[in-house]
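Comments concern the structure below.
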Amino acid sequence: MRLWLNSMQLVELFISSWVHLFYGFYIFSTAVAYDLSQVLCDYFKPNNNINENSIIEVKEDDVHPSSVDDLPPIVLVHGIFGFGQGKLGGLSYFAGAEKKDERVLVPDLGSLTSIYDRARELFYYLKGGQVDYGEEHSKSCGHSQFGRIYEQGHYPEWDQDHPIHFVGHSAGAQAVRVLQQMLADKAFKGHDTSQNWVLSITSLSGAFNGTTRTYFDGMQPEDGMTLKPVCLLQLCRLGVIIYDWFDIPWLKSYYNFGFDHFNMSWRKIGVWGLVDHLLGNAGPFASGDWILPDLTIQGSMRLNSHLQTFPDTYYFCYATKRTRKLFGFTVPSGVLGIHPLLFVRVLQMCMWRHPSDLPPPYKGYRDEDWWDNDGALNTISMMYPRFPIEHPHCLVTNDKDCRPLQPGIWYYKVVEGDHILFIINRERAGVQFDLIYDSIFEHCRKHAFRKKPQTLPNQIQHSVVS
């Protein structure tokens, strides 16, 4: 029986690794093909001369004082293995949702770096300057204190009087929460920050309370920090180290895992340094300063233990699930509606059992609470922060029933969909894609404000015409 189980686990590992590798290659090749097509189109595109007499001058008196620049930005923060604007050619992680509003930013953060590191990177992306990971943290994790330099921040005027809306997908939502706590703790030298720099946080399939998938992928349930000897994450670890060691500029301009501050390039550590990293003696996977430990139930509880819900910030969550009850069992809700990348994990997470020889992760723990999932995260994890302390929350069935929105409360809604339904491929979600993102941007623009509702540019034009 033990031999049979081990054989099945190896078969599952083989299939999972090939499915993930194939999907990654598909995304990368699509980006390259898109860029090549753009180059060819630009090359063969006729050069149309512009008639200078046809240019219409706009007088300063005709421009309304309230413009797009007066709107607080909506910042879309990607999740694990994600990418921001400018990476992977012309692909959009949020499947073009950023075009739904006049002022949206899509930062490119480390796709596998820890939640802490991503929060630091997000601050300097917006405010400008050189990323400072903090002296104490950098020494304990074995990487450089300073990282990428942003000569010009994407929103340098950011402060309490110019707050920001954040929308985080998956691990991106938790990164935003950590950033807000850092702002409250004034953790950025030279900046007098506060929690009120954040106007609202919207979570789309947000990883607030960890996920049991991390244990299926290879994290040890004993501590939520170390990896099993043979698992999918071990293969991922080896691939990332080799990718960063080769340090091919044009390749990393397309996609970067975000570990540049660990200095894993062949130019800096040589061949023996590579061996040391592959053996697990150095680097982010040795120190635990990467994202997977933060996504275990134990890791999420460690983060949540010092993260607050602030009284002047609006919070809204969309929790996804692709499971249903059938004769008392939790099963995947259909086959065709679940992405092939996630189907096996949906099934496995439905049958999750916490090891009986280990103490439960928290008081009152029950396996069945964690069975509903979307293939990457458990639905209970996406609703609102609840472990180790439950934060104020309100279930939403109809958006109109919760208006006006009150700050300091986590409004949450459960929607049918897998973890990647609302990213990468817009056509796959269909009309549901527009419903979700229209609702998100409506919350930001019309229902989350501290002084008065914002006047949108299109509203100005309509009022002038009328």
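The values are calculated or read from the model by the stated rules, or taken from the named source; none is laboratory data. The model shown is predicted, which means the values in this text are computed figures rather than measured ones. Counting neighbours? That spans all protein chains shown, and the Cβs are built from the backbone with ideal geometry, glycine included. SASA here: full protein model, heavy atoms, side chains in, ligands and nucleic acids out. Shrake-Rupley method; radii C 1.70, N 1.55, O 1.52, S 1.80 Å.
Structural remarks
- Residues of segment 310-337 classified as under 24 Å from residue 437 (Cβ atoms) and not in a strand (DSSP E or B), total: 6
- Check on residue 257, open to solvent by 60 Å² or more (accessible area, probe 1.4 Å) and out of contact with any Cys (no Cβ under 6 Å at 6 or more places or on another chain): no
- Subset of segment 254-290 (residues that are within 22 Å of residue 78 (Cβ to Cβ), in contact with a strand residue (DSSP E or B) (Cβ under 9 Å, 6 or more places away or on another chain) and part of a loop (DSSP other than H, G, I, E, B)): 257, 258, 259, 289
- Residue list for segment 336-361, filter: loosely packed, with under 10 Cβ neighbours inside 10 Å and either under 25 Å from residue 81 (Cβ atoms) or charged (D, E, K, R) (or both): 336, 353, 357
- Every residue from segment 192-246 that is free of Cβ contacts under 8 Å to residues at least 12 places away in the same chain and in contact with a Ser or Thr (Cβ under 6 Å, 6 or more places away or on another chain): 220
- Being touching an Asp or Glu at 6+ places or on another chain (Cβ under 8 Å) and either modelled with pLDDT under 90 or of a type in the set (Lys, Arg) (or both) is a property that residue 110 lacks.
- Only listed residue being open to solvent by less than 100 Å² (accessible area, probe 1.4 Å) and modelled with pLDDT of 70 or more, chosen from 46, 72: 72
- Of all residues making up segment 84-99, the number that are under 19 Å from residue 377 (Cα atoms) and out of contact with any strand residue (DSSP E or B) (no Cβ under 6 Å at 6 or more places or on another chain): 1
This table checks each residue for (1) modelled with pLDDT under 95; (2) surrounded by fewer than 16 Cβ atoms within 10 Å (Cβ to Cβ).
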{"site": "366", "(1), (2)": "no, yes"}
{"site": "376", "(1), (2)": "no, no"}
{"site": "388", "(1), (2)": "no, yes"}
{"site": "404", "(1), (2)": "yes, yes"}
{"site": "411", "(1), (2)": "no, no"}
{"site": "422", "(1), (2)": "no, no"}
{"site": "426", "(1), (2)": "yes, no"}
{"site": "433", "(1), (2)": "no, no"}
{"site": "438", "(1), (2)": "no, yes"}
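- Only strands (runs of 3 or more DSSP E) whose full extent lies in segment 77-179 are considered here, and the ones with at least 1 residues that are open to solvent by 20 Å² or more (accessible area, probe 1.4 Å) and farther than 23 Å from residue 29 by Cβ are 129-132, 146-150.
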